[in-house]
Amino acid sequence: MTMTSPMIPPGLLPEGLSDRLPPQAEASARLARRVLDTVATHGYERVMPPLAEFEDTLTQRLKSMRAQDLVRAVDPVSQRSLALRPDMTAQVGRIAATRLAAAPRPLRLSYAGPVIRLKANQLRPEREKLQVGAELIGTDSVAAAVEIVNVAIEALQAAGVTGLTIDFTLPDLIDMLAAGPLPLAAGELEAVRTELDAKDAGALVALGPQAAAYLPLIEATGPFHAAMERLEAFNASLGGAIDSRIAGLRAIAKPIGWDITLTLDPTERHGFEYQNWFGFSIFAEGFIGEIGRGGSYAICHANGQDEPAMGFSLYPDPLIDAGFGGETPKRLFLPLGADATRAAELRAEGWHTVAALVGDEDGAKLRCSHWLDGTELRPF
């Protein structure tokens, strides 16, 4: 007896993958274009890396990328392991470190395309996402952070997004303090990180006096200005050990408009595995979870040297689902024998024309609001 595979329903897609149909597919392209056009006005030039790369090439460029997190397959041509990109930042890093290694720095690059994750999370069950972003390569200075944060805000505003919140973090702060003014016992660092992530003051105290010294960082969380005052008081108790971080955060926040809500969580590290001194998350009113993130990081070169970089990535699918980027085009039905010259003039004016191919087509059912009667427009 032979075993047969169960019948797969027509049109069924793997879990976490989906089609975008009209008009959302057009809205997706339009929103990405608005973001890319905005960052282009700041000197960011677009690159288009491939959907798949050799696994080892992809994992070498960002220190946090792990092979077990990738969707992989064997390339039938080279017999090497391929990986579908889960993030385009690593690919931009590869391009900067190889094809554009001799390009003048700072190097400004932008990108847009789909990425695919091995697993989704409960907040976002989609495994395939649209990623749009920009990277500033060759520096991770405060000036670079100011530019990146403000370009990200401007790009989202150009796409029509309002009610933005920017949440700042200092991803390597705990490591820096543990290696300096607030040393931790061997094996204690990860436990301290965990309790700071959970904002569990009691559990932090229970770890001992060395861990309890990190309590002020839980209090330095919340609305930006009040949280910064508490962080500055903590810094004073350390003799100014994080003066440069304080000054950096102040400088980054200063030019941001009053209509943007700013918050601070100095120990947040979820999603910031490859960022170093600075990171930020972007939230929008009415949406669950972040719609983008960015910060400073390092690109690994083949010679073992690290190159500093700063960037942001937006994940606009929830915005598209909510109607951002959507426009209702003016659709005009062209009966058989319609005036081609007049139709061309109307397309130049912004109309989308739908030409009849047989004589009995119904323009209204084809979602046209008007039809061309000689040279005149008639509503349905």
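For the reader, a short list of remarks on this structure follows.
- The listed residue being under 30 Å from Leu100 (Cβ atoms), at pLDDT below 95, among the small types (Gly, Ala, Ser) and touching a Lys or Arg at 6+ places or on another chain (Cβ under 9 Å), out of Gly271, Gly304: Gly271
- Filtered by the rule that a residue be among the polar types (S, T, N, Q) and at pLDDT below 90, region 47-80 gives Thr57, Thr59, Gln60, Ser64, Gln68.
- Selection within region 135-147 - open to solvent by 10 Å² or more (accessible area, probe 1.4 Å) and among the charged types (D, E, K, R): Asp140, Glu147
- Apart from one condition, Glu229 fits all of (1) more than 30 Å from the chain's Cα centre (by Cα); (2) not in a loop (DSSP other than H, G, I, E, B); the exception is (1).
- Residues that are open to solvent by 100 Å² or more (accessible area, probe 1.4 Å) and at pLDDT 65 or above within region 1-15 comprise Pro6, Met7, Ile8, Pro10, Leu12, Glu15, listed in sequence order.
- Annotation: Gly160 fulfils all but one of (1) assigned to a loop (DSSP other than H, G, I, E, B); (2) more than 30 Å from Pro106 (Cα to Cα); (3) open to solvent by 30 Å² or more (accessible area, probe 1.4 Å); the unmet one is (2).
- If the condition is being hydrophobic (A, V, I, L, M, F, W, C), open to solvent by less than 40 Å² (accessible area, probe 1.4 Å) and out of contact with any Cys (no Cβ under 6 Å at 6 or more places or on another chain), then region 347-374 contributes Trp351, Ala356, Cys368, Leu372.
- Taking region 289-345 as the range and being aromatic (Phe, Trp, Tyr) and surrounded by fewer than 23 Cβ atoms within 10 Å (Cβ to Cβ) as the test, the residues that pass are Tyr315, Phe324.
- Scanning region 291-334 for residues that are within 30 Å of Leu177 (Cβ to Cβ), free of Cβ contacts under 8 Å to residues at least 60 places away in the same chain and among the charged types (D, E, K, R) yields Arg293, Asp306.
- Leu249 vs. criteria in contact (Cβ under 8 Å) with a residue 12 or more places away in the chain, closer than 26 Å to Val132 by Cβ and over 19 Å from the mean Cα position of the chain (by Cα): yes
So that you can scan it fast, the table gives a plain yes or no per residue for (1) open to solvent by 70 Å² or more (accessible area, probe 1.4 Å); (2) in contact with a helix residue (DSSP H, G or I) (Cβ under 6 Å, 6 or more places away or on another chain); (3) of a type in the set (Phe, Trp, Tyr); (4) farther than 27 Å from Asp69 by Cα:
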{"position": "Met228", "(1), (2), (3), (4)": "no, no, no, yes"}
{"position": "Leu238", "(1), (2), (3), (4)": "no, no, no, yes"}
{"position": "Ala251", "(1), (2), (3), (4)": "no, yes, no, yes"}
{"position": "Ile256", "(1), (2), (3), (4)": "no, no, no, yes"}
{"position": "Leu262", "(1), (2), (3), (4)": "no, yes, no, yes"}
{"position": "Asp265", "(1), (2), (3), (4)": "no, no, no, no"}
{"position": "Phe278", "(1), (2), (3), (4)": "no, yes, yes, no"}
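- Residue in region 296-305 that is within 22 Å of Pro22 (Cβ to Cβ) and over 14 Å from the mean Cα position of the chain (by Cα) present: no
- Listed here are the helices (runs of 4 or more DSSP H) enclosed by region 24-134 that have at least 2 residues being surrounded by fewer than 19 Cβ atoms within 10 Å (Cβ to Cβ) and among the hydrophobic types (A, V, I, L, M, F, W, C): 24-40.
- Taken over region 173-225, the criterion of being in contact with a strand residue (DSSP E or B) (Cβ under 9 Å, 6 or more places away or on another chain) and open to solvent by less than 20 Å² (accessible area, probe 1.4 Å) is satisfied by Leu173, Ala220, Gly222, Phe224.
- Counted residues, region 82-99 - those being without any contact (Cβ under 8 Å) to a residue 40 or more places away in the chain, under 18 Å from Pro308 (Cβ atoms) and touching a strand residue (DSSP E or B) at 6+ places or on another chain (Cβ under 8 Å): 0
The values are calculated or read from the model by the stated rules, or taken from the named source; none is laboratory data. Keep in mind it's a predicted model, so treat the numbers as computed, not measured. Glycine gets a Cβ as well: all are built from the backbone with ideal geometry, and neighbour counts include every protein chain shown. These accessible areas exclude ligands, DNA and RNA; they are computed on the full protein's heavy atoms, side chains included. Shrake-Rupley method; radii C 1.70, N 1.55, O 1.52, S 1.80 Å.
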